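Written out below as C-alpha cells is the structure these notes cover.
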Amino acid sequence: ARELLERGKQNIDTHPPDDPVVKAELQSVLGRIDYRLGLYAQASELQQQAAAGFGAAGGHALQQAQTELDRVETLNEILDIKAVTVALPIAAAHLAAIPAAPAADRVRLLMAQTRLAFNKRDMQAAKQHADAMLARARKAHVDDDLLSMALLTAGNVEWARHALDTAEADYREALSAI
C-alpha cells in the first residue's frame, strides 16, 4: 500500500494534472492518508502544497481552509508549536471568511486552538477553547467521531487542570458517543 501511495505522489510531481484544483485535491487526500499512516512530515508538506494550490486557483476557500486545518492537526500531532502558531491564525482567518463554513470545521478549529494552548501549557486558554469547542459541537450536533474527539480533548484539559471529576465525565461521555 505504501509503495502505491509513493507512486501516486511521484506521479503528481512528474505528471501533474492539467487542472491545478485536481492536483490540490489529490495532494490534500494523500496528505490525509500520510497523516493516518503516521507520516507526519510528508503529510504536512502535501497539505501545505494543497492549501497553496487551492488558494492560487481561487474560488476554493472552503477546501483551502479545510486543508489548512488538516495541516494544523498534523503539526499539533508532532508538537511543532512554532509552526502551529504560524499556521493556525491563517487557517482561522480563512475559515472566518466563509460565513457558511460547516460547524464541524469550526469545531476542528477550536480543537486545534485547544491543543495548541494545551501544548503551550496555557491551561486557562485551553479551558476557554475547550469549553467553546464542546458548546459548538453539542449545539451543532456534529458526528459522533468528532464529538468524541472533542470530549477527549476537553477531558485532557480538565485532567491537566486537576479537575478529575470533570475529566472523567468527559471521558465517559466520549466513550458513550462512539
message: Test of understanding: among 68, 25, which residue is in contact with a His (Cβ under 8 Å, 6 or more places away or on another chain) and within 22 Å of residue 109 (Cβ to Cβ)?
response: 68
field: Conditions (1) within 23 Å of residue 119 (Cα to Cα); (2) touching a Phe, Trp or Tyr at 6+ places or on another chain (Cβ under 8 Å); (3) open to solvent by less than 60 Å² (accessible area, probe 1.4 Å): number failed by residue 21
entry: (1)
message: With the requirement that a residue be under 14 Å from residue 118 (Cα atoms) and open to solvent by 80 Å² or more (accessible area, probe 1.4 Å), what does the stretch 138-178 give you?
response: 159, 161, 162
- request: Look through the stretch 76-101, keep the residues that are in contact (Cβ under 8 Å) with a residue 40 or more places away in the chain and on the phi < 0 side of the Ramachandran plot, and return whichever of them is surrounded by the fewest Cβ atoms within 10 Å (Cβ to Cβ).
  value: 77
message: Take residue 6 and tell me if it is assigned to a helix (DSSP H, G or I), within 18 Å of residue 105 (Cα to Cα) and out of contact with any helix residue (DSSP H, G or I) (no Cβ under 6 Å at 6 or more places or on another chain).
response: no
query: Is one or more of the residues making up the stretch 163-177 over 15 Å from the mean Cα position of the chain (by Cα), modelled with pLDDT under 95 and under 22 Å from residue 60 (Cα atoms)?
result: no
message: If I filter the stretch 37-59 down to residues being part of a helix (DSSP H, G or I) and under 15 Å from residue 6 (Cβ atoms), which single residue comes out as least open to solvent (accessible area, probe 1.4 Å)?
response: 43
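The values are calculated or read from the model by the stated rules, or taken from the named source; none is laboratory data. All figures in this text were calculated on a predicted structure; none of them were measured in a lab. Cβ coordinates were reconstructed from backbone atoms using ideal geometry, including for glycine residues, and neighbour counts include every protein chain displayed. The accessibility values were calculated without ligands, DNA or RNA, using every heavy atom of the protein model including side chains. Shrake-Rupley method; radii C 1.70, N 1.55, O 1.52, S 1.80 Å.
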